[in-house]
Amino acid sequence: LTCSCMLLGYLFCFASCEYFPTVCFLFYTGFQDVLSNGRTSPITYNKKIQGWSSDQNKWNEKLYPFWEENDPRWKDCWRGGKVTTKLVTDSPALVGSNVTFVVTLQFPKCQKEDSDGNIIYQRNCSPDFPAVQDQYVYNWTEWIDNCSWENCTSNHSHNIFPDGRPFPHHPGWRRRNFVYLFHTFGQYYQTIGRSSAIFSVNTANITLGKHIMAVSIYRRGHSTYVPIARARTTYVVTGEYKIPLFVSMSQKHDRNISDSIFIKDSPITFDVKIHDPSYYLNNSAISYKWNFGDGSGLFVESGATTSHTFALQGNFTLNLTVQAIIPVPCKPVTPTPSLPTPAELILKLCIYFSFFNPTVTVEASSNSDPSAPIETTEDNPDGGCHIYRYGYDTAGIAIVEGILEVNIIQMRNIQMTESQAENPLVDFVVTCQGSLPTDVCTAVSDPTCQVSQGMVCDPIIVTDECLLTIRRAFDEPGTYCINITLGDDTSQALASALISVNGGESVQFRWTTKGIFIFLGLLAVFGAIGAFVLYKRYKQYKPIERSAGQAENQEGLSAYVSNLRAFFFPKSTERNPLLKSKPGIV
């Protein structure tokens, strides 16, 4: 009888594993035992991640041995040293989007993976690395080159995962000699690959907040798979009111972009970066609502970049609200149940009061998830349905007086003696707008403004008006590109010019904007005068029809005009022309 009871107990346990998986922990090793490494208690989640399996499944410990952290077999699991692994993620991820994980194996010194998936030694990678006779650390190609997919080793089930499922039959399966087993949220995912693996998980059925992703890596062996490394990392799933975003602020004359101090009367550029590596929001309508805190009101933008100018000094609080309208498939309409007839209602009440306690206590389901996002699906004006996601950001900034503009208004050459002729001196008269500067820097470069030839910085004291003279020495006469920068604690501005420095002569601007316009203006004036002279000189003469009386009255005036024209615009360059213009001269 005792044996029969024990047998029935075992049969009941194994038959109940499908419905009560926690009972089976007493009789076999499960994925939860191996992948959690004893750090968490068995947990069953009702929400299933697509493509993942419950960690209550049985683990094939014969093909995939499990070692504790302090097991001495870890020292011999890899030839030539210890393999480490790096697991990274692109978290945080907005609920409903994908979060991606990348795991990379780092082999011992002077080892690498070749194109066939084998592990080889790198020749001459280090002077102190001892010479090795064999090129291969692991030559898996030789192990499996003469076998088929179904019978690759003496163990016919060698191309299977720990849960008994077969490997995916990829064309390059011989080059994938590592098994990656990922574990999170009470579920696991298994795949094969080379020295690195990448995969993505959809977060629609993952609880909001922080979670642990663990990975265990096995390598191919002759008869079993050998554990070589483990790694863990934290990832975050954010809710519908926490779109991951970052706001960067920049300004033209700002000296330090990280101190949140900006200049009055100069536009500040705000650029919003939404962290969406899986492109979950690509087809969404995104709007940006700005409140700059200076009383200017609310601004709604459709683009991620905007600018704003503060007209007053002081401290201000910036508030940003990002709204994303995401199109989704509409859920099927659930038909409304019909109301029971009076006879059916009386019958149900009689049955209830006959068999049940009329005192009813309604409790929340123990399986409810308080952190699960609330999906609000609404009709879209253009057809279909959509859901809303929001993101917020707040920042404090300070607005101060700053240097807005610098101008070089004059350059003077300093007369020098013969002994100083090799180092010409130039005085630059500079003005600025805004606050008073506290330092000045002069950068000198070649005429192309590409190759720097030196920079000199000096502190200055300006008490009243921003008008100062800067004296600089040059190594030799020539053409230089010069940048003069005036700055204070929070801002800086510069002016540039291309100059020609001559030993004892004047210093001139070369091809400044004002010089170019003056040159073009003078050129236009001289061109107009020349065109007028040529037109008068080479214009073809056409006689005008007139009466005999008019000809007689105007004969004297015509002769006078002809003589005057001949004097200013001679038609012949001959000194002694044969024909004279005056009548009576031969």
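Starting with the highest mean, order 100-109, 278-287 by the number of other Cβ atoms within 10 Å, averaged over the residues of each peptide.
The most tightly packed comes first, giving 100-109, 278-287.
Based on the Cβ-Cβ distance of Asp475 and Leu520, what FRET efficiency does E = 1/(1 + (r/R0)^6) give at R0 = 41 Å, to the nearest 0.05?
Taking R0 as 41 Å, the efficiency between Asp475 and Leu520 is 0.75.
Once the piece of chain linking His170 and Trp74 is laid out straight, how much longer is it, given 0.36 nm per residue of separation minus the C-alpha distance between them?
Result for the pair: 31.6 nm of gain on full extension.
Please go through the residue pairs Lys47/Lys331; Lys58/Lys109; Lys86/Lys109 and name each one whose alpha carbons sit more than 27 Å apart in this structure.
Pairs exceeding 27 Å: Lys58/Lys109.
Beyond a 31 Å Cα-Cα separation, which of these cross-linked pairs lie in this structure: Lys112/Lys210; Lys210/Lys289; Lys82/Lys242; Lys210/Lys273?
Too far apart for the 31 Å limit: Lys112/Lys210; Lys82/Lys242.
Just subtract the alpha-carbon distance of Asn60 and Val102 from 0.36 nm times their residue separation and send over the number in nm, one decimal.
Residue separation times 0.36 nm, minus the Cα-Cα distance, leaves 12.6 nm.
Enter the accessible area of Tyr388 (Å², nearest 10), with the probe set to 1.4 Å and all protein chains included.
Accessible area, nearest 10 Å²: 50 Å².
Based on the Cβ-Cβ distance of Trp67 and Arg194, what FRET efficiency does E = 1/(1 + (r/R0)^6) give at R0 = 22 Å, to the nearest 0.05?
Computed FRET efficiency for Trp67 and Arg194 comes out at 0.40.
Taking all protein chains in place and a 1.4 Å probe, what share, in percent, of the accessible surface of the range 404-501 do carbon and sulfur account for?
Using a 1.4 Å probe with all protein chains present, the range 404-501 comes out at 49 percent carbon and sulfur.
Taking a 1.4 Å probe, which of Arg175, Arg123, Arg472 shows the most accessible area, and what order do the others take after it?
Arg123, Arg175, Arg472
Taking every pair of distinct Cα atoms and averaging 1/r, then inverting, what Kirkwood hydrodynamic radius in Å comes out for the range 404-501?
14.0 Å
Relative contact order of the range 404-501, please, whole-number percent, based on alpha carbon pairs below 8 angstrom and at least 6 residues apart.
32 percent
Rounded to the nearest 0.05, what FRET efficiency is calculated for Ser287 and Ser223 with R0 set to 60 Å and r the Cβ-Cβ distance?
For Ser287 and Ser223, the calculated efficiency is 0.45.
Accessible surface of Ile529 in the full protein assembly, 1.4 angstrom probe, to the nearest 10 Å²?
The accessible area comes out at roughly 100 Å².
Can you give the accessible area per residue of the range 404-501, in Å², using a 1.4 Å probe?
53 Å²
Using a 1.4 angstrom probe, figure out how much accessible area the range 152-238 has per residue, in square angstrom, rounded to the nearest whole.
Averaged over the residues of the range 152-238, the accessible area is 38 Å².
The values are calculated or read from the model by the stated rules, or taken from the named source; none is laboratory data. Predicted, not measured: the structure shown is a model, and the values here were computed from it. Counting neighbours? That spans all protein chains shown, and the Cβs are built from the backbone with ideal geometry, glycine included. Ligands, DNA and RNA are excluded from the accessible area calculation, which covers all protein heavy atoms including side chains. Shrake-Rupley method; radii C 1.70, N 1.55, O 1.52, S 1.80 Å.
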